[in-house]
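Heads up, the thing below is written out as structure tokens.
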Ligand SMILES: Nc1nc2c(ncn2[C@@H]2O[C@H](COP(=O)(O)OP(=O)(O)OP(=O)(O)O)[C@@H](O)[C@H]2O)c(=O)[nH]1
Ligand SMILES: [Mg+2]
């Protein structure tokens, strides 16, 4: 297997569509998924580099694995469902801390998926009927500004200056894995931004951290212990 030069990780609550986004991009189709167990990755050749893209499980029971997947990551794609405000809140409350193990110059993208299901409404929401329809679709629950506000909170958390990182408007995306809307744009924007990080990581020599793509299961001996 080719060795990855850099790593991109998808994080976010269960059911937001991480696996579907990755399928749509890599396999060019939308297919039924099963909730991810642990994690899985694809390798994408981008120019001279091989980028591993890690799909992680959003289910609470796998939460402990998240920081291992993020280790040394050049980019983290924080994914939510535009129809669930809770899924955006979870990014800040549950997933952001997992990125502490990512590369110091890791870039962050915030992605609102499932835009095919809802619409931005110009009329103000009815407080008594928050889920009421807007035209032929339901009203979108998360506004683009909410994602931008989260991006700015991430910069604060990471103690980064807005001047030194890509603008919030550039790093907040809305996608549909179902229709393919903006999916290529998302991944390819991220890959372009990851290249300079890979170049720097390579110039600095091999990482001190373990990449689990290198992991080979230990052989079991007769006694049942590991060799
Ligand atoms: N309408 C619509 N449904 C979507 C979209 N993306 C994913 N889904 C559906 O949402 C459900 C969850 O999608 P997954 O891709 O499995 O979600 P996940 O984030 O990988 O979930 P975990 O693996 O449990 O963390 C599936 O039924 C998908 O078919 C989308 O863009 N639009
Ligand atoms: Mg999944």
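Each value in this text was obtained by applying a stated rule to the coordinates, not by laboratory testing. Everything quoted here is computed from the prediction, not taken from an experiment. Heads up, the Cβs are rebuilt from the backbone with ideal geometry, glycines too, and the neighbour counts pull from every protein chain shown.
Between residue 119 and residue 86, what is 0.36 nm times their sequence separation minus the Cα-Cα distance? Round to one decimal in nm.
Full extension from residue 119 to residue 86 adds 10.1 nm.
Among 155-162, 187-194, 64-71, how do they line up by average Cβ neighbours within 10 Å per residue, starting with the highest?
Going by the mean number of other Cβ atoms within 10 Å, highest first, we get 187-194, 64-71, 155-162.
When 179, 33 are ordered from fewest to most other Cβ atoms inside 10 Å of their Cβ, what list results?
Ranked by crowding around the Cβ, least crowded first: 179, 33.
Express in nm, to one decimal, how much length is gained between residue 184 and residue 93 on full extension, taking 0.36 nm for each residue of separation and deducting their alpha carbon distance.
Gain on stretching residue 184 to residue 93: 30.0 nm.
Answer rounded, prolate or oblate for region 142-195, using the Cα gyration tensor with square roots of eigenvalues a ≥ b ≥ c: rounded when a/c is under 1.5, else prolate when a/b is larger than b/c, else oblate. Each step should come with its number before you reach the end.
Values: a/c = 3.04, a/b = 1.44, b/c = 2.12.
It is oblate, given that a/c is not under 1.5 and a/b is not larger than b/c.
In nm, to one decimal, how far is the residue 161 label point from the residue 15 one, both placed 7 Å along Cα→Cβ?
Each label point is offset 7 Å from its Cα along the Cβ direction, giving 4.3 nm.
What ranking do 2-12, 100-110 get when scored by the average of other Cβ atoms within 10 Å per residue, highest first?
Packing proxy ranking, top to bottom: 2-12, 100-110.
Between rounded, prolate and oblate, where does region 1-80 land on the alpha carbon gyration tensor, with a ≥ b ≥ c its root eigenvalues, rounded for a/c under 1.5, else prolate if a/b exceeds b/c? Could the numbers behind the result be given before it?
On the way: a/c = 2.05, a/b = 1.24, b/c = 1.65.
Here region 1-80 falls in the oblate category.
Classify region 62-124 as rounded, prolate or oblate, taking a ≥ b ≥ c as the square roots of the eigenvalues of its Cα gyration tensor: rounded when a/c is under 1.5, otherwise prolate if a/b is larger than b/c and oblate if not.
prolate
Label points 7 Å out from Cα along the Cβ direction at residue 63 and residue 34: separation in nm?
According to this spin-label approximation, the distance is 2.5 nm.
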